[in-house]
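S.K.: What follows is a structure written as structure tokens; I'll ask about it next.
The values are calculated or read from the model by the stated rules, or taken from the named source; none is laboratory data. Here the structure is a predicted model, which is why all the values come from computation and not from measurement. Cβ: placed from backbone, ideal geometry, glycine included. Neighbour counts: every protein chain shown.
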């Protein structure tokens, strides 16, 4: 995407927007006295505003992802990037986004918050992506396409060739949400950022890295798109506490990989055990840290597990997921309690 092409897709007011400049934007570096940001001089170090550009954190992410820092945006969970992309490219009450269904619900919520229509294209009955159907749904007011792979709640990777087709033929930003990519055997689409300048890839510390509580999401895109996201984000969108803990987490990559191996082993064990239950109609293949299971009666199964103090997600009302429950892969002991409860349930 050339700069001109990017400008063509931006909302005019975003293109001309002069961003807020904070004290920490105007000066960052070493000094002995800071009297520029109206901070309380006591209670070091948390009396000071955090680095608004998260430079040290992005250096660590750059090392892990083999991407230059200018390709990296960090925010308050991936949801911040989902929202900012809509704010940047979609004119309220005029434009729309296109996404798939079933999928992660925040794309639609973020669109509606911004007075942007959301066109949802059904997956096939076996949860596969139909690029032709997605492209057919695009109209003159479609500014962004959102895809989730591995998809939530279905758990499967979307076909790469179908995604490449969308990236090639849609002349606008295509967001691929990879919250669960670490649990999959397929590589990240971040490798395609140079070939597809309209590509935006979302990742998170909430899943494989085990840090959902700190709310740290990442977006990877061309430097031009990243500059736009930084231009319109809130000045101090990632707290100092989050930046510090994120650095601690990311420096323990080997621990993450060990936990990942354990989760994948438990996923396989759960898939095998669930298939033996008489009221389970189908266990869908998973590339994530959860399993979608179709049962005889999702409501009854969910309520029974609640009585046993085991909480899963009832997806019965979601498109194409009738009588499905979504089960997160837990620790071996948590999974044992789940299976014990399910084996006590009458068919």
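Yes/no matrix, rows are residues, columns are (1) within 23 Å of residue 203 (Cα to Cα); (2) assigned to a helix (DSSP H, G or I):
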position	(1), (2)
13	no, yes
40	no, no
43	no, no
50	yes, no
61	yes, yes
84	yes, yes
87	yes, yes
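S.K.: Quick one: how many residues across segment 204-221 are in a loop (DSSP other than H, G, I, E, B), at negative phi and either in contact with a strand residue (DSSP E or B) (Cβ under 7 Å, 6 or more places away or on another chain) or outside the structural domain of residue 71 (by TED's automatic domain parsing) (or both)?
M.R.: 2
S.K.: Then there is this: Do you know which of the residues in segment 267-293 that are within 25 Å of the chain's Cα centre (by Cα) and surrounded by fewer than 18 Cβ atoms within 10 Å (Cβ to Cβ) is farthest from residue 56 (Cα to Cα)?
M.R.: Residue satisfying both the conditions and the ranking: 271.
S.K.: I'd like the residue in segment 143-167 that is assigned to a strand (DSSP E or B) and more than 21 Å from residue 318 (Cα to Cα) and, out of all such residues, is nearest to the chain's Cα centre (by Cα).
M.R.: Step by step, filter segment 143-167, then rank; the result is 144.
S.K.: Kindly indicate the residue of segment 297-337 that is in contact (Cβ under 8 Å) with a residue 60 or more places away in the chain and assigned to a helix (DSSP H, G or I) and also nearest to residue 262 (Cα to Cα) among those meeting that condition.
M.R.: So the residue we want is 332.
S.K.: Consider residue 140 carefully, then state whether it is in a loop (DSSP other than H, G, I, E, B) and touching a residue at least 12 places away in the same chain (Cβ under 8 Å).
M.R.: no
S.K.: Inspect all residues belonging to segment 185-192 and state whether any of them is in the same structural domain as residue 156 (by TED's automatic domain parsing) and buried (at least 19 other Cβ atoms within 10 Å of the Cβ).
M.R.: yes
S.K.: Looking at 317, 301, 328 in this structure, which one is more than 23 Å from residue 206 (Cα to Cα) and in contact with a strand residue (DSSP E or B) (Cβ under 6 Å, 6 or more places away or on another chain)?
M.R.: Just one listed residue meets the conditions, 301.
S.K.: Where residues in segment 252-293 are in contact with a strand residue (DSSP E or B) (Cβ under 8 Å, 6 or more places away or on another chain) and part of a helix (DSSP H, G or I), which of them is nearest to residue 179 (Cα to Cα)?
M.R.: So, considering only residues that are in contact with a strand residue (DSSP E or B) (Cβ under 8 Å, 6 or more places away or on another chain) and part of a helix (DSSP H, G or I), the one nearest to residue 179 (Cα to Cα) is 267.
S.K.: Further, regarding this structure: Any chance you could count how many residues in segment 171-203 are assigned to a loop (DSSP other than H, G, I, E, B) and over 29 Å from residue 255 (Cβ atoms)?
M.R.: The number of residues fulfilling the criteria is 8.
S.K.: For segment 209-218, name all the residues that are crowded, with 20+ Cβ neighbours inside 10 Å and either over 14 Å from the mean Cα position of the chain (by Cα) or more than 10 Å from residue 79 (Cα to Cα) (or both).
M.R.: Selection gives 209, 214.
S.K.: Taking the options 121, 138, name whichever one is touching a strand residue (DSSP E or B) at 6+ places or on another chain (Cβ under 7 Å) and within 25 Å of residue 313 (Cα to Cα).
M.R.: Within the list 121, 138, the selection yields 121.
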